[in-house]
1. Here are Leu604, Leu571: which of them is under 24 Å from Ile504 (Cβ atoms) and modelled with pLDDT of 95 or more?
2. Quick check on region 282-313: of everything there that is among the aliphatic types (A, V, I, L, M) and under 22 Å from Glu586 (Cα atoms), which residue is surrounded by the most Cβ atoms within 10 Å (Cβ to Cβ)?
3. Can you tell me which residue in region 566-597 is nearest to Gly552 (Cα to Cα), limited to those that are of a type in the set (Asp, Glu) and in a loop (DSSP other than H, G, I, E, B)?
4. Consider Val587 carefully, then state whether it is in contact (Cβ under 8 Å) with a residue 24 or more places away in the chain and touching a His at 6+ places or on another chain (Cβ under 8 Å).
5. Could you go through region 419-434 and let me know if any residue there is within 20 Å of Ile504 (Cα to Cα), loosely packed, with under 15 Cβ neighbours inside 10 Å and under 40 Å from the mean Cα position of the chain (by Cα).
6. If I filter region 603-612 for residues that are in a helix (DSSP H, G or I) and either aliphatic (A, V, I, L, M) or within 23 Å of Arg313 (Cβ to Cβ) (or both), do I get at least one hit?
7. Taking only region 69-98 into account, find how many residues are among the charged types (D, E, K, R) and either in a helix (DSSP H, G or I) or in contact (Cβ under 8 Å) with a residue 60 or more places away in the chain (or both).
8. Quick one: Leu245 ticks every box in (1) open to solvent by 10 Å² or more (accessible area, probe 1.4 Å); (2) touching a Ser or Thr at 6+ places or on another chain (Cβ under 9 Å); (3) among the aliphatic types (A, V, I, L, M) except a single one, so which number is it?
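The values are calculated or read from the model by the stated rules, or taken from the named source; none is laboratory data. Note that the structure is predicted; figures quoted are calculated from it, not measured. Here the Cβ is made from the backbone with ideal geometry for all residues, glycine too, and neighbour counts use every protein chain on show. Side chains are part of the model used for accessible areas, which takes the heavy atoms of the whole protein and leaves out ligands, DNA and RNA. Shrake-Rupley method; radii C 1.70, N 1.55, O 1.52, S 1.80 Å.
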Amino acid sequence: MAQTKRAGKKSLEAFIKRYNLRLNTQQKDAVRRTSGETLLLAVPGSGKTTVIIARTAYLIKEMDVDPSNILTMTFSRASANDLLERYLEVYGDDGRRPRFSTIHSFALSVIKNCERMLGKPAFEVLPNNQALVSDVYKEMKGQRPSETDLAEILALLTYAKNLALPEEEIAKIECEAIDFKKFFRKYEAVKKKKRVMDFDDLLIYALRLLKKFPPLLERYRKQYRHIHVDEAQDTSKIQFEIIKLLAKGCESLFMVGDEDQSIYGFRGAYPEGLLSFKEDYPGGEVLLMETNFRSTGELVRRADQFIRLNEGRYEKHIKSFREQGLRPVQEYVKDQEEAYRYILEAARRESGELAVLYRNNESVLPLIDLFEREGMPYRVKEHNPLFFSNFIIKDLHAFLRFSKDPEDFDAFQEICFKTSARISRDNLNRLARTKGHVLNAFLSLSLPEWLEADIKNMKDAFDRLQGLGAKEAVDQILYEIGYMDYLEYRMENGLSRTAVMQKINILRSLAGREKNLESFFSRLDTLKEIVKEGGEKEGAGPLFTTIHSSKGLEFDKVIMLDCYEEVLPALEPGEDPDEKRLYLEEVRLFYVGVTRAKSDLVFLSVGSKTRQPRGKEDSRFIKAYLGK
């Protein structure tokens, strides 16, 4: 193994000149530090990828380090591929490639090497654990989970494992779909019986094997003398443990991240690992890269001011390399439909790259619908069709079925306890023995006056439903037939008000473009297929993406939606530690969103400067960012 030479100033300058690099003083300091433990805090747009690949090339080209002795781990496969492509593009391909890998891929290699070392197979790795989760759920509850329930359980499994939560902490996890503690125990027992492991188990098993078999750990320590960790703020607690184990005794550990951009807490990201860097590595050094090359001075100044709301951070200031530029603006429109039209016109008018960012995945559906109707090109990043399997849409389908066929007793059974009619289960059982028009049959029974009045009101409301436009019909179901009262009851008992109202608002927006309920549900089916296929129309056009998925990207102009109280932020800071932690992640999420814009940033809001409708109150984050 070749030993690294002393990293001198002269050799770095020669290296920079040879490859025609442009590095500022802070970037040079980061590339030059080729020994010991280093945490490089890189603000948005500061060129962290440039520095990682420059340091890798510097070790190889100037310090005579064998590429096989360098391991760079990052958050996703796409990021790993991008790092390799950028490396080869700038420094050429002489056949000696350093390893750029996800930490999960590295963990799998640990398991495979242990298999060969012990001469026996490990548990089989499931490429997808959804079927197994569904099977365990069915065994516990007697039916398959909905797509929404399945997504919730999968997310909680990832969260629990990446944070290496003990059993008492797992017991505290709230899950609407199922008793998560019992499910977790059952799921783990079934996996053990079947001798399989899921994607997140890779990390757990790899850590366990590295600790259990010192020769295996020593093999990796000898091979990887220089370890890079990209997107370190997205690293989970168990991943930090693996890195710490590998790094002991290596020549250099180089972690690049920014605790101000840690936004994946729901996946188990552990920004505390960055904050405790000096405790974990007493001899290590924390470096800064504070120059933003992406955004104009006005945008950068406000971002630097805003992110001070994030508590528990390193003291650093984002500075701009570019001119002052335009001020960010807040545009008001009269209603949500006008907001979508505003974006449509912006897409027709703008010549640069435009992105529309939003807090929740389903916010994009009315935009997709509008752009499809107008034949306008657009792109969507990482959307999924979970919205269409939500219980609210299923309930509305049942209301439609009953309105079309008042003799459909099965449809009536689905909705009768979700209306304002005070129908008891005993009365419903009496009705089950009758035939014909369900509500007429009800009225033929001997009923108390108050219940008879309820049934007559419901019948009149259903009779009027057929002659209404789709949006008016949805409102009729919600407010006249009483479905909204049922939703209020669900919200009072733990269902997220923000999530429910967002779905209602999206459905009303989509319904406003259709003539009746039948065409509305037909359009929902069409949209579901569009989203399944990728929800993307060919050609240049704006990118629609959640703020989470926009991380690492940049655009000439950004329009931000969803910047309302109870959406972003989704909750008050509060005194509870968990609530405070979630609130601070919302601060960081907003920061990531605003720092995607290079020149132009617009917050699109419903209402006016002096008056916003209920549920559309301006986010405190806008006020803090704009200095209101």
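1. Working: Leu571 fails: modelled with pLDDT of 95 or more.
Going through Leu604, Leu571 in turn, just one is under 24 Å from Ile504 (Cβ atoms) and modelled with pLDDT of 95 or more: Leu604.
2. Keep residues of region 282-313 that are among the aliphatic types (A, V, I, L, M), which gives 286-289, 299-300, 303, 307, 309.
Next cut, under 22 Å from Glu586 (Cα atoms) only: 299-300, 303, 307, 309.
Values: Leu299: 30, Val300: 26, Ala303: 26, Ile307: 26, Leu309: 19.
The selected residue is Leu299.
3. Only one residue fits best here, namely Glu566.
4. Numbers: in contact (Cβ under 8 Å) with a residue 24 or more places away in the chain: yes; touching a His at 6+ places or on another chain (Cβ under 8 Å): no.
Taking the combined requirement at face value, the residue does not satisfy it.
5. Of all residues in region 419-434, those within 20 Å of Ile504 (Cα to Cα) come to 419-420.
From what is left, the residues that are loosely packed, with under 15 Cβ neighbours inside 10 Å are none.
Within region 419-434 (the criterion being within 20 Å of Ile504 (Cα to Cα), loosely packed, with under 15 Cβ neighbours inside 10 Å and under 40 Å from the mean Cα position of the chain (by Cα)), the answer is no, since none of the residues qualifies.
6. Step one: list which residues in region 603-612 are in a helix (DSSP H, G or I), which gives none.
Checked against the condition, which is being in a helix (DSSP H, G or I) and either aliphatic (A, V, I, L, M) or within 23 Å of Arg313 (Cβ to Cβ) (or both), region 603-612 yields no hits at all.
7. So the answer is 5.
8. (2)
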